[in-house]
Ligand code: TYM
């Protein structure tokens, strides 16, 4: 069986980018008999950005309900909250001791924060927590603890998976072959879903379309997508259009080809956005109903998460950590 693992940070409300980049492909692979799936809520990671306990808890509930509404079957996969598996943080330390600091210096998220400080004329590391700097090591612990083979993510996470391989390799080199080196899985069509302003859809850019916002809001947001209004009725280049890229992420090959032709024929932006709204709504509406029903029963979600983590710790996390402790020279707990 191939082990597939992916997580979502509980720092906000899930958006269409999370859905097409990670949730949809992960749920699809979870139904395959040759796959053992690990899907989790990255709440330790959330603390790096969000220091508002109520928001972390709310987001955890929303993201858990999202996974379930999108078809994850908790009886058939490992579904858990990262902080319910504290073995992760212990492995985080073992990996910290082999991870190259120079590699972490090159992490995109850290470098972007340093660049921002430089532009503002501040010290390089002003306001940057050690947690942000160490982010890739914690993520490597998530992946290596369960020896995942494949990690389906959006393009923004590729560097993190490469770092996980690097840290795993260093550990293996020092202590023997303990870790499987993970492979990244990217859906090319939707590797980076654009947001309302054309940049990557991201909580940090405030340009997201929430996955389960009410229908009316979905429509309003789609109509607010920034478009080039220079030639409203003229031929349009599908490849440089956010509206087209979003459409493509929700349509099959035939619909996509028809829309490409419509762009060449000069479809109006209003009409293109209406078609996009209808396409997204058709896929999301049935899931939204399930989501709302789940959100009304938070106690059930909590039970599912606790059971999932308890089983996972017993079956995988504790034995794995025991072996790793022995490998580095720490006693059995
Ligand atoms: P996060 O929470 O930022 O995003 C969750 C997943 O959604 C993908 N994604 C996108 N895909 C396409 N287009 C977009 N605009 C877009 N925005 C987000 C992300 O690539 C990601 O796959 N560090 C991770 C969480 C994490 C993790 C892990 C993932 C922690 N440990 C171990 C995999 C394995 C993160 O912050 O993702």
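The values are calculated or read from the model by the stated rules, or taken from the named source; none is laboratory data. Computed from a predicted model, the values in this text were never measured in an experiment. Methodologically, a virtual Cβ is constructed for each residue, glycine included, from the backbone with ideal geometry; neighbour enumeration extends over all protein chains shown.
Just checking, does segment 227-240 include any residue being within 16 Å of the ligand (Cβ to nearest atom) and outside the structural domain of residue 9 (by TED's automatic domain parsing)? Full working, then the answer.
Filtering segment 227-240 for residues within 16 Å of the ligand (Cβ to nearest atom) gives none.
No - not one qualifying residue is present in segment 227-240.
If you check residue 189 against the conditions, is it out of contact with any strand residue (DSSP E or B) (no Cβ under 7 Å at 6 or more places or on another chain), touching a residue at least 12 places away in the same chain (Cβ under 8 Å), more than 9 Å from the ligand (Cβ to nearest atom) and more than 30 Å from residue 322 (Cα to Cα)? Steps first, answer last, please.
On the way: out of contact with any strand residue (DSSP E or B) (no Cβ under 7 Å at 6 or more places or on another chain): yes; touching a residue at least 12 places away in the same chain (Cβ under 8 Å): yes; more than 9 Å from the ligand (Cβ to nearest atom): yes; more than 30 Å from residue 322 (Cα to Cα): yes.
Against the criterion (out of contact with any strand residue (DSSP E or B) (no Cβ under 7 Å at 6 or more places or on another chain), touching a residue at least 12 places away in the same chain (Cβ under 8 Å), more than 9 Å from the ligand (Cβ to nearest atom) and more than 30 Å from residue 322 (Cα to Cα)), residue 189 qualifies.
Looking at segment 50-60, is at least one residue within 14 Å of the ligand (Cβ to nearest atom) and within 26 Å of residue 245 (Cα to Cα)?
So far as segment 50-60 goes, no, none of its residues is within 14 Å of the ligand (Cβ to nearest atom) and within 26 Å of residue 245 (Cα to Cα).
Being more than 17 Å from residue 66 (Cβ to Cβ) and touching a residue at least 40 places away in the same chain (Cβ under 8 Å) is the requirement here; does residue 294 meet it?
Working: more than 17 Å from residue 66 (Cβ to Cβ): no; touching a residue at least 40 places away in the same chain (Cβ under 8 Å): yes.
Against the criterion (more than 17 Å from residue 66 (Cβ to Cβ) and touching a residue at least 40 places away in the same chain (Cβ under 8 Å)), residue 294 does not qualify.
Which of the numbered conditions does residue 181 fail, given that it passes all the others? Conditions: (1) in contact (Cβ under 8 Å) with a residue 24 or more places away in the chain; (2) more than 11 Å from the ligand (Cβ to nearest atom).
Failing condition for residue 181: (1).
Could we say that residue 320 is surrounded by 13 or more Cβ atoms within 10 Å (Cβ to Cβ) and more than 19 Å from residue 39 (Cα to Cα) here? Before you say what the answer is, go through the steps one by one.
Values: surrounded by 13 or more Cβ atoms within 10 Å (Cβ to Cβ): yes; more than 19 Å from residue 39 (Cα to Cα): no.
No, not satisfied.
For segment 306-324, which positions are in contact (Cβ under 8 Å) with a residue 40 or more places away in the chain and either in contact with a helix residue (DSSP H, G or I) (Cβ under 6 Å, 6 or more places away or on another chain) or within 16 Å of residue 91 (Cα to Cα) (or both)?
Selection gives 309, 312, 313, 316, 317, 318, 320, 321, 323, 324.
Being surrounded by 13 or more Cβ atoms within 10 Å (Cβ to Cβ), in a helix (DSSP H, G or I) and outside the structural domain of residue 189 (by TED's automatic domain parsing) narrows it down to one residue among 309, 262; which is it?
Being surrounded by 13 or more Cβ atoms within 10 Å (Cβ to Cβ), in a helix (DSSP H, G or I) and outside the structural domain of residue 189 (by TED's automatic domain parsing) holds for just one of 309, 262, which is 262.
Quick one: how many residues across segment 1-40 are modelled with pLDDT under 95, within 9 Å of the ligand (Cβ to nearest atom) and closer than 12 Å to residue 77 by Cβ?
Qualifying residue count for the region: 1.
Restricting to segment 142-162, what's the tally of residues that are more than 16 Å from the chain's Cα centre (by Cα) and closer than 15 Å to residue 7 by Cβ?
Residues meeting the conditions: 3.
With respect to the numbered conditions (1) in contact with a strand residue (DSSP E or B) (Cβ under 8 Å, 6 or more places away or on another chain); (2) more than 25 Å from residue 328 (Cα to Cα); (3) part of a helix (DSSP H, G or I), which one is the sole condition not fulfilled by residue 118?
Here residue 118 meets the rest and fails (1).
Farther than 22 Å from residue 44 by Cβ and either in the same structural domain as residue 15 (by TED's automatic domain parsing) or in contact with a strand residue (DSSP E or B) (Cβ under 9 Å, 6 or more places away or on another chain) (or both) - does that describe any residue in segment 153-162? Can you show your working first?
Going through segment 153-162, the residues farther than 22 Å from residue 44 by Cβ turn out to be 155.
Among the residues that remain, those that are also either in the same structural domain as residue 15 (by TED's automatic domain parsing) or in contact with a strand residue (DSSP E or B) (Cβ under 9 Å, 6 or more places away or on another chain) (or both) are: 155.
Within segment 153-162, one or more residues are farther than 22 Å from residue 44 by Cβ and either in the same structural domain as residue 15 (by TED's automatic domain parsing) or in contact with a strand residue (DSSP E or B) (Cβ under 9 Å, 6 or more places away or on another chain) (or both).
Which ones in segment 63-86 are more than 19 Å from residue 4 (Cα to Cα) and surrounded by fewer than 21 Cβ atoms within 10 Å (Cβ to Cβ)?
Restricting attention to segment 63-86, the residues satisfying the condition of being more than 19 Å from residue 4 (Cα to Cα) are 65, 69, 83-84, 86.
The answer is 83, 84, 86.
Yes/no matrix, rows are residues, columns are (1) in contact with a helix residue (DSSP H, G or I) (Cβ under 6 Å, 6 or more places away or on another chain); (2) free of Cβ contacts under 8 Å to residues at least 60 places away in the same chain; (3) more than 28 Å from residue 302 (Cβ to Cβ):
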{"site": "64", "(1), (2), (3)": "yes, no, no"}
{"site": "69", "(1), (2), (3)": "yes, no, no"}
{"site": "89", "(1), (2), (3)": "no, yes, no"}
{"site": "95", "(1), (2), (3)": "yes, no, yes"}
{"site": "107", "(1), (2), (3)": "yes, yes, yes"}
{"site": "119", "(1), (2), (3)": "no, yes, yes"}
{"site": "131", "(1), (2), (3)": "yes, no, no"}
{"site": "136", "(1), (2), (3)": "yes, yes, yes"}
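Matching residues to (1) in a loop (DSSP other than H, G, I, E, B); (2) modelled with pLDDT under 95:
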{"position": "181", "(1), (2)": "yes, no"}
{"position": "196", "(1), (2)": "yes, no"}
{"position": "216", "(1), (2)": "no, no"}
{"position": "225", "(1), (2)": "yes, no"}
{"position": "229", "(1), (2)": "yes, yes"}
{"position": "232", "(1), (2)": "yes, yes"}
{"position": "247", "(1), (2)": "no, no"}
{"position": "255", "(1), (2)": "no, no"}
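What number of residues within segment 147-163 satisfy the criterion of being crowded, with 24+ Cβ neighbours inside 10 Å and either over 23 Å from residue 202 (Cα atoms) or more than 9 Å from the ligand (Cβ to nearest atom) (or both)?
Going through segment 147-163 one residue at a time, the tally reaches 1.
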